[in-house]
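The values are calculated or read from the model by the stated rules, or taken from the named source; none is laboratory data. The shown structure was predicted, so the numbers you read here are calculated from the model rather than taken from an experiment. Here Cβ is always computed from backbone atoms with ideal geometry, including for glycine, and neighbour counts include all displayed protein chains. Ligands, DNA and RNA are stripped out before the accessible areas are found, and what is left, the full protein with its side chains, is counted by its heavy atoms. Shrake-Rupley method; radii C 1.70, N 1.55, O 1.52, S 1.80 Å.
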Amino acid sequence: ALHSTPEAAGEPQPLARDGVVVAADARLDNREELSRELALPPATGDAGLIAAAYQRWGELCPERLEGDFAFVLWDGRARRLLCARDRFGVRPLHLHHQPGRLLAVASEPAAILVLKEIPYRINEARIADFLVTRLEGVDLTPTFFEGIERLPPAHLLTADNRGVRRQRYWELTPGPELRRASDEAFAEAFLEVFTAAVRRRLRGVDTVGAMLSGGMDSGSVIAVARELRAGAGEGPLPVFSAVGP
């Protein structure tokens, strides 16, 4: 159900390669750069790119990945488990840890709760946090179930004979000041980056659609996507909206 790109549709998972096993829910947007740098065929799936990135850069590999992803990687030679989540937490990754006994990781809590070692208890505090929307983003680790946590965005978790460790691998930091000669030049510079971002996200197994919420964000994305599809000789872009009662 998660095979949303042509490369993912033809890639079996879990993927085993050279002593490394990967299970990934991923859509990497810098796959062209990764394929060139890792000397891999352009049609390599995202799990294959993640495996090769780990073999090249080790635990630092999430820093090299752009896009939406959550993955679990087992290095059989080093006896090391690596879990990582994308920079903004688009793809989910849940875990349950009993030190020295058990580490369970899955995309959804339901896959963890089937284990007999894990009690089924509702986290009432987290439900209250969800209902009071101003508190929703304060703590990014709890879930609706006691004993099951979310791996925060831009974090990786490593488990080996030294124990379980978590660390943040990326954070948003201001870059150098951008200087342009005019407002028009600033607009052109932004449009160039924005268009590249939309182009990267137009890959799909079937026809790609867009969600039109009525705001400037989705409207801008759709306007650029339609131009890109028209320039490539492709059909119109299907657009959807959610209409309330």
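Per this entry, residue 145 is not counted among residues that are modelled with pLDDT of 90 or more, of a type in the set (Phe, Trp, Tyr) and open to solvent by 70 Å² or more (accessible area, probe 1.4 Å).
Looking across segment 197-211, the residues that are surrounded by 12 or more Cβ atoms within 10 Å (Cβ to Cβ) and of a type outside the set (Lys, Arg) come down to 197, 198, 202, 204, 205, 208, 209, 210. The residue that is nearest to residue 7 (Cα to Cα), counting only those in segment 198-211 that are without any contact (Cβ under 8 Å) to a residue 60 or more places away in the chain and in a helix (DSSP H, G or I), is 199.
Take segment 54-79 and flag every residue that is within 13 Å of residue 18 (Cβ to Cβ) and in contact with a strand residue (DSSP E or B) (Cβ under 9 Å, 6 or more places away or on another chain). Once the filter is applied, which keeps residues that are within 13 Å of residue 18 (Cβ to Cβ) and in contact with a strand residue (DSSP E or B) (Cβ under 9 Å, 6 or more places away or on another chain), segment 54-79 yields 54, 55, 73, 74, 75, 76, 77, 78.
Restricting segment 20-57 to residues that are part of a helix (DSSP H, G or I) and open to solvent by 20 Å² or more (accessible area, probe 1.4 Å) leaves a set whose member that is modelled with the lowest pLDDT is 32. Within segment 108-126, the set of residues being surrounded by 13 or more Cβ atoms within 10 Å (Cβ to Cβ) and either of a type in the set (Val, Ile, Thr) or at pLDDT 95 or above (or both) comprises 109, 112, 113, 118.
Exactly one residue among 158, 143 is hydroxyl-bearing (Ser, Thr, Tyr) and in contact with a His (Cβ under 9 Å, 6 or more places away or on another chain), and that residue is 143. Here is the figure for segment 148-176: residues that are open to solvent by less than 20 Å² (accessible area, probe 1.4 Å) and over 18 Å from residue 67 (Cα atoms) total 4. Can you find even one residue in segment 85-106 that is touching a Phe, Trp or Tyr at 6+ places or on another chain (Cβ under 9 Å), within 15 Å of residue 62 (Cα to Cα), open to solvent by 50 Å² or more (accessible area, probe 1.4 Å) and of a type in the set (A, V, I, L, M, F, W, C)? Scanning segment 85-106, I find at least one residue that is touching a Phe, Trp or Tyr at 6+ places or on another chain (Cβ under 9 Å), within 15 Å of residue 62 (Cα to Cα), open to solvent by 50 Å² or more (accessible area, probe 1.4 Å) and of a type in the set (A, V, I, L, M, F, W, C), so the answer is yes. Residues that are part of a strand (DSSP E or B) and within 12 Å of the chain's Cα centre (by Cα) were ranked within segment 84-121; the one that is nearest to residue 152 (Cα to Cα) is 85.
Scanning segment 212-233 for residues that are part of a loop (DSSP other than H, G, I, E, B) and surrounded by 14 or more Cβ atoms within 10 Å (Cβ to Cβ) returns a single hit, 212. Considered as a group, the residues in segment 148-178 that are assigned to a loop (DSSP other than H, G, I, E, B) and touching a helix residue (DSSP H, G or I) at 6+ places or on another chain (Cβ under 9 Å) include one that is nearest to residue 84 (Cα to Cα), and that residue is 154. The set of residues from segment 69-83 being part of a strand (DSSP E or B) and open to solvent by 30 Å² or more (accessible area, probe 1.4 Å) comprises 72, 74, 80, 81.
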